[in-house]
Amino acid sequence: MNPKRALITGITGQDGSYLAELLLSKGYEVHGIIRRASTFNTERIDSIYRDRHESGVSMFLHYGDMTDGNGIARLIRQIKPTEVYNLAAQSHVRVSFDQPIYTADATGVGALKLLEAVRDFQESSGYEIRYYQASSSEMYGEVAETPQKESTPFHPRSPYGVAKLYAHWIAINYRESYNMHASCGILFNHESPRRGETFVTRKITRAVGRIKQGLQKKLYLGNLDAKRDWGFAGDYVEAMWLMLQQDTPDDYVVAIGETYSVREFCERAFGRVGLDYNDFVEIDPRYYRPAEVDLLLGDPAKAKAKLGWEPKVSFQKLVEMMVDGDMDLAAREKTLIDAGHKVDLTGE
């Protein structure tokens, strides 16, 4: 019997790496799309890919870009996936204000190009592909109700949120128009030690480790009162997989159902190493968004009831996991610096 074959866009990102590990553990043949660049950006999946022959896992990487519709269509025909997980995006909300056109192309129209490639291949071959669209809580923006459910109206407050909303609705449109098995996961903030260092949670825990080691003096942040529903990325990729195992495609909010402010995250992160965040955190207006999203709180009742999904990692455990990981990273960094490498103490 042939194994299930999954194609993951954004496989080198936080979610892509956790999803690849999950699918490989279930016996999938996993294919990932990576962008060609002058430097490699595969750190999160290097250990899997490097050891794939020794470990016996079936993992393959392909060059591609979400803005290249012809290339995406070619890969679909070549790989013939049974499941497609669209995780690729320009995913930084603040950066989307500086690069709105690229964000729209990669995050919004890129999803359309992928859906069209899947539809075209299905119709020409009769081969069914199940499709997952990574939607975002940022689509709610200026929230109409709290907590936010699948039925809550959307009001995005950033180019990223708008692009994600287009991708969300075009996936629904293809489901309804072409009878495609397309599901959308409206994921609230999900973090891990693999989170990119420019995202606020990782920026905080990275600074905690460096400050504790004497490598950094200050941490500069924006709105400390913004509240988010934070969960563990490793839990959330399981929900993605569960959506594509259902007989009927649908849309699901994936969240913890609790909200904490950036200030509370700072307090717990610095407290993990016996420090008071007030002594190190300073506000820099550059990090405020032109349009703020003050509160996001998800209602995961549908995902729990229909998918049987339950988050395993609490907010406190998530903070501890991230701080501990960055404490180890800072200790290794200090060893290199003590050997003569230059240090940047600005905290930028």
**OP:** Report the residue count in the range 264-292 for those that are surrounded by 11 or more Cβ atoms within 10 Å (Cβ to Cβ), closer than 16 Å to Met327 by Cα and small (Gly, Ala, Ser).
**Re:** 2
**OP:** Scan the range 306-328 residue by residue and report those that are surrounded by fewer than 18 Cβ atoms within 10 Å (Cβ to Cβ) and charged (D, E, K, R).
**Re:** Lys306, Glu310, Lys312, Lys317, Glu320, Asp324, Asp328
Original post:
If only one of Glu128, Glu116 is under 25 Å from Ala239 (Cβ atoms), out of contact with any Pro (no Cβ under 7 Å at 6 or more places or on another chain) and acidic (Asp, Glu), which one is it?
Top reply: Glu128
**OP:** Check the range 79-90 and report whether any residue there is closer than 26 Å to Leu297 by Cα, open to solvent by less than 70 Å² (accessible area, probe 1.4 Å), of a type in the set (A, V, I, L, M) and not in a loop (DSSP other than H, G, I, E, B).
**Re:** no
**OP:** Please determine, by comparing only the residues of the range 133-160 that are of a type in the set (A, V, I, L, M, F, W, C) and not in a helix (DSSP H, G or I), which one is most open to solvent (accessible area, probe 1.4 Å).
**Re:** Ala144
Original post:
Based on what the data block shows, is Thr67 in a loop (DSSP other than H, G, I, E, B), surrounded by fewer than 22 Cβ atoms within 10 Å (Cβ to Cβ) and at pLDDT below 80?
Top reply: no
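Given the residues Thr346, Thr335, which is the only one that is in a helix (DSSP H, G or I), of a type in the set (Val, Ile, Thr), surrounded by fewer than 20 Cβ atoms within 10 Å (Cβ to Cβ) and modelled with pLDDT under 95?
Details: Thr346 fails: in a helix (DSSP H, G or I).
Sole residue among the options that is in a helix (DSSP H, G or I), of a type in the set (Val, Ile, Thr), surrounded by fewer than 20 Cβ atoms within 10 Å (Cβ to Cβ) and modelled with pLDDT under 95: Thr335.
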**OP:** Report, ordered by the first and then the second residue, all pairs with beta carbons closer than 6 Å, sequence separation of six or more or different chains, a first member in the range 109-132 that is open to solvent by 50 Å² or more (accessible area, probe 1.4 Å), and a second member that is of a type in the set (A, V, I, L, M) and in a helix (DSSP H, G or I).
**Re:** Lys113/Ile72
Original post:
Between residues in the range 77-100 that are among the basic types (Lys, Arg) and residues that are assigned to a helix (DSSP H, G or I) and crowded, with 18+ Cβ neighbours inside 10 Å, which pairs lie under 9 Å by C-beta distance while being six or more apart or on different chains?
Top reply: Arg77/Ala117; Arg77/Phe121; Lys80/Phe121; Arg94/Tyr160
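Which of the strands (runs of 3 or more DSSP E) found entirely inside the range 208-327 contain at least 3 residues meeting this: over 24 Å from His92 (Cβ atoms)?
none
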Original post:
Within the range 74-85, is there a residue that is in contact with a Gly (Cβ under 6 Å, 6 or more places away or on another chain), at pLDDT 95 or above and either of a type in the set (Gly, Ala, Ser) or under 18 Å from Met59 (Cβ atoms) (or both)?
Top reply: yes
Subject >> Residue check, Asp105 modelled with pLDDT under 95, farther than 17 Å from Tyr132 by Cβ and open to solvent by 30 Å² or more (accessible area, probe 1.4 Å) >> reply: no
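Tally time: how many residues in the range 190-215 are closer than 30 Å to Arg130 by Cβ and open to solvent by 30 Å² or more (accessible area, probe 1.4 Å)?
To start, the set of residues in the range 190-215 that are closer than 30 Å to Arg130 by Cβ comprises 190-196, 199.
Cutting the leftovers down to open to solvent by 30 Å² or more (accessible area, probe 1.4 Å) gives us 193-195, 199.
Matching residues across the range 190-215 total 4.
The values are calculated or read from the model by the stated rules, or taken from the named source; none is laboratory data. Bear in mind that the values here come from a model prediction, so they are computed numbers and not experimental data. Here Cβ is always computed from backbone atoms with ideal geometry, including for glycine, and neighbour counts include all displayed protein chains. Note: accessible area is taken over every heavy atom of the protein model, side chains too, but ligands, DNA and RNA are not part of it. Shrake-Rupley method; radii C 1.70, N 1.55, O 1.52, S 1.80 Å.
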